[in-house]
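Please treat every number below as a calculation from the coordinates, not as lab data. All values derive from a computational prediction rather than experimental measurement. For neighbour counting, all protein chains shown are included, and Cβ atoms are generated from backbone atoms with ideal geometry for every residue, glycine included.
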Amino acid sequence: MQNNDNTPQEQSWTRAEWISTGGFVISILTLIFVAGSVWQSVQDQERRIVILETSNNRLVPMVERIDERVAFMSDLAREERGRQ
């Protein structure tokens, strides 16, 4: 019942080879997942930075106007005290 002709026999994978290949595939998929998570986090942080910069661009003129009003009010108060 042996195969006596000289044809190469089909090689089947052993259990260890299947486990090894599965582990490698899982490692690659994990690497892809982590890279995607990091990329998403970077994009989210960049979006937040843009929002903060936009907010800051609106706050600076507001603070300057408040400073001008405070300076005006303090000048009025000085003048008022000077008259008395």
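As an exercise, use a Förster radius of 41 Å and the Cβ-Cβ distance of TRP39 and THR14 to find the FRET efficiency, rounded to the nearest 0.05.
After rounding, the FRET efficiency stands at 0.65.
Treating the angle as unsigned and between 0 and 90°, give the value, to the nearest 10°, between the Cα long axis of helix 15-83 and the longest Cα principal axis of the chain.
0
Match the structure shown to one of the listed values (i) 33, 27, 16; (ii) 127, 11, 8; (iii) 125, 17, 10 of Cα extents along the principal axes in Å, computed from it, and give that label.
(iii)
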